[in-house]
Amino acid sequence: MDAFYASVEQRDDPALRGRPVVVAWRGKRSVVVAASYEARRYGVHSAMPALRAERLCPPAVFVPPDFVRYKAASRHIREIFARHTDLIEPLSLDEAYLDVTCNKAGLNFATEVARCIRRQIREELNLTASAGIASNKFLAKIASDWRKPDGQFVIRPEWAVAFLTPLPVRRIPGVGEVTQARLAQLGVETVGQLREQDVVLLERQFGCYGRRLHELAHGIDERAVDPDRPVKSISAEDTFDQDLPLTDLGPAIRQLAERAWVAAHKTPRIGRTVTLKLKTADFRILTRSYTPETPPSGCEELTRIALSLRERVRLPVVTRYRLVGVGLGNFADSALRTQQPELFEAIKTR
């Protein structure tokens, strides 16, 4: 979807159309949730501090997020997808992979399916969407950004290597600032240069992700579209009104652990790894994780582990933190929960 949250706001309030809209709560600690294309021309983008967005774009109209409406629109969009294929892998409220190799309408080309879906979204929701069409998920993801807004782009298999060669490595999904900097140290700035690197060297530098990078540089991505992709992690986080020292984060960690525990138990799977996320006053992000021998048995144990992870933070005591988060990851089958008591019972009866 194109600037989804901001577009929903402009659709529902005619006074916002054509104006730079920033979806965010106002306040010195708020961050931008979404920005309309009019606001993006000023350099505003999601995850940016709202105060900075206000400085970059003085005429911006700030609108608080309304996720009830966004989720309703997302459900309608998902219904449109389902008219064409059952192989739908959602990535978020506003993005999904679709496998249309065998589509329900019997259309001969994926480009036709994309045009049909985009037309139905426009007619039924008065919103625009962009599509990337390719032979695998990696290439389709890159293509989906190529003709935004309200466009579509095809990367044919025979074009893939030539298309990728001049792209900066940051265009590869998952390559953030840290990975980009480490690749730059190897003299790698483009996908073509990445392709020339020895896979053994990349694995030495990046572990198993090194081989993944090598494959993507060649346009290889064997992942199937998975409609039942399991939850990888669940977390809750909060930004403070004032920066706090590490020792004062206890109450917030307890509240966030409870929220994460409640959210995690809406899924039938069990999270095994507890993660504490911190963001310093200068926006440095660090995480600390721990995987106990058995999954946390309750909210109290999750909270205890999250609190203990503070001891693994080695920054100076004067460091102040603007955000804290608690998460559960490394999910396993829920059968583990029922198997564990049986194991203990067997031990007791011997």
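Tell me yes or no: at least one residue of region 53-67 is part of a helix (DSSP H, G or I) and either within 23 Å of the chain's Cα centre (by Cα) or touching a residue at least 40 places away in the same chain (Cβ under 8 Å) (or both).
Checked region 53-67: at least one residue is part of a helix (DSSP H, G or I) and either within 23 Å of the chain's Cα centre (by Cα) or touching a residue at least 40 places away in the same chain (Cβ under 8 Å) (or both).
Would you check if there is a residue in region 146-168 being touching an Asp or Glu at 6+ places or on another chain (Cβ under 9 Å) and within 18 Å of His214 (Cα to Cα)?
The answer is yes; a qualifying residue exists.
Residues of region 83-104 being among the small types (Gly, Ala, Ser) and loosely packed, with under 13 Cβ neighbours inside 10 Å, which ones?
Ser92
Could you please find all residues in region 23-52 being farther than 25 Å from Asp243 by Cβ and free of Cβ contacts under 8 Å to residues at least 24 places away in the same chain?
Glu38, Arg41, Tyr42, Gly43
In region 11-52, how many are at pLDDT below 95, part of a loop (DSSP other than H, G, I, E, B) and not hydroxyl-bearing (Ser, Thr, Tyr)?
The qualifying residues number 11.
Do you know which of the residues in region 106-125 that are out of contact with any helix residue (DSSP H, G or I) (no Cβ under 7 Å at 6 or more places or on another chain) and not charged (D, E, K, R) is surrounded by the fewest Cβ atoms within 10 Å (Cβ to Cβ)?
The selected residue is Gly106.
Give region 233-264 a look and list any residue that's in a helix (DSSP H, G or I) and aliphatic (A, V, I, L, M), or say none.
Selection gives Leu246, Ala252, Ile253, Leu256, Ala257, Ala260, Val262, Ala263, Ala264.
For region 82-110, how many residues are closer than 18 Å to Ser7 by Cβ and not in a strand (DSSP E or B)?
Total meeting the criteria: 2.
Does region 153-183 hold any residues that are modelled with pLDDT under 95 and more than 15 Å from Ala217 (Cα to Cα), and which are they?
Gly176, Glu177, Val178, Ala181, Arg182
Among the residues of region 137-161, which ones are assigned to a helix (DSSP H, G or I) and of a type in the set (Lys, Arg)?
Lys137, Lys141
Looking at region 1-59, which of the residues that are in contact with a helix residue (DSSP H, G or I) (Cβ under 6 Å, 6 or more places away or on another chain) and of a type in the set (S, T, N, Q) is nearest to Ile80 (Cα to Cα)?
Gln10
The values are calculated or read from the model by the stated rules, or taken from the named source; none is laboratory data. These numbers were taken from a predicted model, which means no experiment stands behind them. So basically every Cβ, Gly included, is an ideal-geometry build from the backbone, and we count neighbours across all protein chains shown.
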